[in-house]
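Report on the structure given below.
The values are calculated or read from the model by the stated rules, or taken from the named source; none is laboratory data. Keep in mind that this is a model prediction, so the values were computed, not measured. Cβ: placed from backbone, ideal geometry, glycine included. Neighbour counts: every protein chain shown. Areas reflect the complete protein model, heavy atoms only, side chains present, ligands, DNA and RNA absent. Shrake-Rupley method; radii C 1.70, N 1.55, O 1.52, S 1.80 Å.
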Protein chains: 2
Amino acid sequence: MAPAGPSMARRIASGLYPAKEIEMSRLAFQDYYPEDVAHCYGCGYKNEHGLRIRSFWDGQESVCYYTPSPHHTAVPGYVYGGLIASLIDCHSTGTAAAAAYRASDRSMDSEPPLRFVTASLHVDYLRPTPLGPMLEIRGVVDELKGRKVVVSSTLSAEGVVCARGRVVAVQIPADLFSAG
Amino acid sequence: MAPAGPSMARRIASGLYPAKEIEMSRLAFQDYYPEDVAHCYGCGYKNEHGLRIRSFWDGQESVCYYTPSPHHTAVPGYVYGGLIASLIDCHSTGTAAAAAYRASDRSMDSEPPLRFVTASLHVDYLRPTPLGPMLEIRGVVDELKGRKVVVSSTLSAEGVVCARGRVVAVQIPADLFSAG
């Protein structure tokens, strides 16, 4: 097991994060992922090809902001549904982890690390999501029981809810951790 | 409305498809998408940054093969769930379109074009999907009624089903077509 928690100075030095971004915001849920499970295409800070989404508490809700790239298109002018599913997926597993730490009254850099994977994902596409505006994904923890956390979410563009998600997340089995 | 159906010679000449690939395989469902709705990140031949998945009939089932890239990772060694959702999504909407043509006893290059978007997507992740092997996604049309098609699917690696999907696809509204 690699050390848990962020080593921000190293990440900034390596260029994984621009210093300006770090200065401008607090640490995200994903910033606390242990380095050996921080490669996720959707949310891992070690995946230089990935989306690198970042999620935060906003009171009892979790929130993530993401601006799709022009190539993240479905039909022209609208956001690709697979990206929407990916954002909901990773924001929800991140929320699950943060909720599990919070329920244990633990900080996210305490040992042992808690990391969640997706057991099931459901997305209802309510209307086409315009491509261009920054998207807001908001999550609410519906259930937290043992190794299972259920997170419901909305994805909005310019204040209009375009998709709803529901993710059942389960705590990652210890044998899935690798030397990375 | 741009001309429907493939213009393969033009696509080959433009480098959108390597000639070798065309020679090696028959046309996929997605090859028939009208050019103004062929930008999808998951399945559009006009999206040079996208996955460009290709789906075919195999009897009553549809099939798609896709080999994830090394960066399509969740935890190291396993495929990112958002990619799995994307593959199931696009393979299912492609299957929906092909099924709608087939139900109308029409070829896929006939007018007017039929193109589907996702109303809802559900994925059950049954086990971690190993990153490396080519994945096989198989779809079955559960329901086809009016503008709605329901497609169930499996995603397998090395013969083992790792995920199951269910997509409700609806025929694309005419006003979503643009000049591209």
Among the residues of region A:117-140, the number that are within 7 Å of chain B (Cβ to nearest Cβ), part of a strand (DSSP E or B) and not hydrophobic (A, V, I, L, M, F, W, C) is 5
Selection from region B:59-101 of residues farther than 15 Å from B:Ala28 by Cα and among the charged types (D, E, K, R) yields B:Asp89
Of the residues in region B:111-140, those that are surrounded by fewer than 18 Cβ atoms within 10 Å (Cβ to Cβ) and under 16 Å from B:Val37 (Cβ atoms) come to B:Glu111, B:Pro112
query = in contact (Cβ under 8 Å) with a residue 40 or more places away in the chain, within 7 Å of another protein chain (Cβ to nearest Cβ), of a type in the set (A, V, I, L, M) and in contact with a strand residue (DSSP E or B) (Cβ under 7 Å, 6 or more places away or on another chain): does that describe B:Leu87?
reply = no
B:Pro173 fails exactly one of (1) open to solvent by 60 Å² or more (accessible area, probe 1.4 Å); (2) within 12 Å of chain A (Cβ to nearest Cβ); (3) under 24 Å from A:Thr154 (Cβ atoms), namely (1)
When every residue in region B:154-163 that is more than 14 Å from every other protein chain (Cβ to nearest Cβ) and at negative phi is compared, the one most open to solvent (accessible area, probe 1.4 Å) is B:Val160
Is there a residue in region A:103-114 that is within 13 Å of chain B (Cβ to nearest Cβ) and touching a helix residue (DSSP H, G or I) at 6+ places or on another chain (Cβ under 6 Å)? no
Checked region B:147-170 for anything in contact (Cβ under 8 Å) with a residue 12 or more places away in the chain and part of a loop (DSSP other than H, G, I, E, B); matches are B:Arg147, B:Glu158
Checked A:Val63, A:Val150 against criteria (more than 9 Å from chain B (Cβ to nearest Cβ), in contact with a Phe, Trp or Tyr (Cβ under 7 Å, 6 or more places away or on another chain), among the β-branched types (Val, Ile, Thr) and farther than 24 Å from B:Asn47 by Cα); the one match is A:Val63
Just a yes or no: is a residue in region B:113-127 in contact (Cβ under 8 Å) with a residue 60 or more places away in the chain and over 22 Å from A:Asp89 (Cβ atoms)?
-> yes
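Applying the selection to region B:52-90, what residues are open to solvent by 20 Å² or more (accessible area, probe 1.4 Å), part of a loop (DSSP other than H, G, I, E, B) and either modelled with pLDDT of 95 or more or over 13 Å from A:Ser86 (Cβ atoms) (or both)?
B:Arg52, B:Arg54, B:Gly59, B:Gln60, B:Thr67, B:Ser69, B:Pro70, B:His71, B:Pro76, B:Gly77
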When every residue in region B:37-52 that is of a type in the set (A, V, I, L, M, F, W, C) and over 10 Å from the mean Cα position of the chain (by Cα) is compared, the one farthest from the other protein chains (Cβ to nearest Cβ) is B:Ala38
